[in-house]
1. For the range 16-117, what Kirkwood radius comes out of the mean inverse Cα-Cα distance, in Å?
2. Grab the Cα-Cα distance for ASP553 and GLU405, subtract it from 0.36 nm times how many residues apart they are, and report the gain in nm with one decimal.
3. Measuring from centroid to centroid over Cα atoms, what is the spacing of the range 554-572 and the range 449-483 in Å?
4. Points 7 angstrom from Cα along the Cβ direction at VAL821 and SER729: gap in nanometres?
5. Roughly how far apart, in whole Å, are the Cα centres of the range 133-167 and the range 237-276?
6. Which value, in debye to the nearest 20, describes the size of the charge dipole of the chain about its Cα centre when Lys and Arg Cβ atoms bear +1, Asp and Glu Cβ atoms bear -1, and nothing else is charged?
7. Gap in Å between the Cα centre of the range 388-425 and the Cα centre of the range 20-57?
8. Report relative contact order for the chain in percent, whole number only (criteria: Cα-Cα under 8 Å, sequence separation at least 6).
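Just so you know, all these numbers are worked out from the coordinates, no wet-lab data involved. Bear in mind that the values here come from a model prediction, so they are computed numbers and not experimental data. Cβ sites come from the backbone with ideal geometry, for glycine too, and all protein chains shown count toward neighbours.
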Amino acid sequence: MYMAGSGLVQAAPLMFERDIRPILKAHCFHCHGEEKEIKGGLDVRLKHFMEKGGDSGPAIVSGDPHNSLLIEQLKSGDMPKGGKKLPEAEIAKIEQWIAEGTKTLRTEPAVLVPGTVISEEERAYWAFQPIRRQKAPTSEYANPVDGFLQARLTKAGLAFSPETDRVTLIRRASFDLTGLPPSAEEVEAFEKDTRVDAYERLIDRLLESPQYGERWGRHWLDVAGYADSEGYNDEDTDRDDAWRYRDYVIQALNEDLPFDEFIREQLAGDEMIPSPPVNLTSDQTRKLTATGFLRMAPDGTGTERMDKDLAKNAVVTETVKIVSSSLMGMTVGCAECHDHRFDPILQKDFYRLRAIFEPALDWKQWREPRQRRISLLTTEERATSAELEKQAVEVEKELQAKLVELRDWVFEQEVKALAPQLQLKCREAGLAFQKDVKSLTAEQKKLVEEYPGIKVTPSVGILNLFLNKYGRENDLKKMQDDNAARAAAIRAKKPQENFVRVLAEPVAYGSKTTVPVTQVFMRGNRELPGDAVGPGDLTVLSPDKPIDFLADDPAVPGTGRRLAFAKHLTSGKHPLLARVLVNRFWMHHFGRGLVNTPGDFGHQGEKPSHPELLDWLANEFMSQGWSLKRLHRLVMTSAAYRQSSKKTPTGEARDPANALLWRYPVRRLEAEVIRDATLAVCGTLNIQPAGPPVPVRVDENNQTVVGSDKPLLPDQLFRRSIYVTQKRSLPAQVLAVFDAPQMEPNCELRNSSTVAPQSLLLMNSAFVVEQADFLAKRVRAEAGGDVRKQAELAWRLVFGVPDAATEVDSLASYLTEQAKVLKGTNATAKPEELERRALASLCQVLLGSNRFLYVE
């Protein structure tokens, strides 16, 4: 066997289709086969094309890599042109394939049509295969999930770790399902619950908590790219109504809305209700609000300093990226300018998906963000509002009449102040001026210029000048204030007009326009439109019979394209959606997915660690009514979920990444959970649900903090983090430092870093210091002045469990010593103040501890 220079060893002979073609597709096909103009006359899509060669002769000589031009060009770096040199391992693989005789799996066709051809190997890729009902392996465990996992563990010489203790289990389950720590009372009650189904009851209680939807809503908002601002450029305009979509997600998850319905409403809720949308029922409003999912991409088209056409095109492109990564687990956005380098996704596939959304995102007939809002006022409320406005206008007219009366009074005073011989003529001149300035005679013009008091008008500003002269300036202000108050009181009775941020086609706004034609942009350039394409799914899913959708369904308001796509995705037959969803749910329970690249199921992503389990879960999820709560119960009652997180030498040696789940993974809490848990244990958390977000502002230290320049009630500052404004250009510092994502355009997988700024924030942040003070006050109020009792209570409140005796001793000693240290720096401070500051310091230490920040 030929040994390449890199030392690569291949047990089985290399085959073109399986081993070599993917390399050439990624680096060479674009210039040498897929474009209409084949560079250098060389097509590398088939072996015999390379043997024939191009303008420079044969590219390969079977059995002789040293005399193969392709190897020479690759090793020298001359090819690929303008790109990075191929990795040495890939060059070595091609070299070895040539040395082995350039074997192929099958007889090659004599010719290929220009452009991309999807190979049999690409069609056979695991993610594109139908989801099949897998049989769970026989196992000692009742839960089928454990059967799949145990089979792999046994093969690797591993086993599940023992079940963890109850304190750890309730903390794990509470953070998983609600994002909040269990109280000390809840921990104690669970420890004492001797019923056989105590753990199952705990899960059910947590799933019924309103905080469940907030916790899992945050996960969905990540992949949706939720933000309360438009992003795109520095203006980062606020999205006043985006929070209604956030509340929709939370409510839908709390109600366990079947996930297939959840997806359909977000993709096409507007096409599931009558159009135009007026006199909406609560159900219709919900469906309309759900389409906010398709309005989460950055959108700068409402601002001025930009190329508007470029910005419009970016909104459509980013929307396709969000949909394809969140629902299909595919990097379809990589095919905007050319066929995908690694996956069988054609450039026209990107535009076929774009065609699904383009009737509502028509860049040639664009609606800016505020033009896409839909009012929730009913016809009756509009009529009421119009009548009240009419009444308010009538009241305002009364002011105008009174201003005329004041004008007349001032006019009389000004005339009377003139010499008697001038009064008659000046009166006539002033009245003529009031009637029609153009009718003034030459003499009258002279008089009004000479005596300006006779040309007084009912203008507020002019009247004020004269009323001040006569000491009646307060009369006018009182008259204005009274009139304004009466008009405002009438307008206050108007029904409040609320809006929803939606994606809808023109018919929803009361207009019908020509359905746009979607064209493939050559090299992604909108100024180079190419062939027209219709709406459809990825070609690789059905190469012989493309999956097309009606361009304009007469049975649906609008074109019906999005509704057709939504039904197709949720039909139960689509190979991607259910796999992508259950993989992401699994990831949130175990810290990593069965496919650990949740937004990329393609060749550049990771392969499934347990492919049979992935398919079984996907099938089970669909067959059980797409119920997420049922899936939670299934996963969380498994032995895998309930096992200890302790490491073992054997496990570390055989599976250091814990991909086989021989122990439960220790995980740092996410940014929002750290903040919410801090508020919870300090007793300040405001659990008020729903509504407009709490604002953020830049403080005197140039840090973005939760708050407003306007006065806010203190408890508003302490709402859950999901209700804090998610402004793209101003992420709250306490969240950003702990890896809260920036939506560009969405977040498929969060980072979890450990960096110095996190420690600095826990030491110096005004938020942490303030909360530690609150906790100290709570401890002092409940435990009194006994330092040992203070230490015991602080530990119990932060960690939910009693402290061990040795730890209590250490904490009590800390309190005593810290008070002495503080006295040394402030000799005049009162003892109670020193004790308070020492206790706050201890509380801050506990809030910054790994035991608080991590869940086992």
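1. About 13.5 Å, per the Kirkwood formula over Cα pairs.
2. Numbers: separation 148, 0.36 × 148 = 53.28 nm, distance 6.43 nm.
Length gained between ASP553 and GLU405: 46.8 nm.
3. 65 Å
4. The modelled label-to-label distance comes out at 4.2 nm.
5. 37 Å
6. Here the size comes out at about 480 debye.
7. Measuring centre to centre over Cα atoms gives 90 Å.
8. 16 percent
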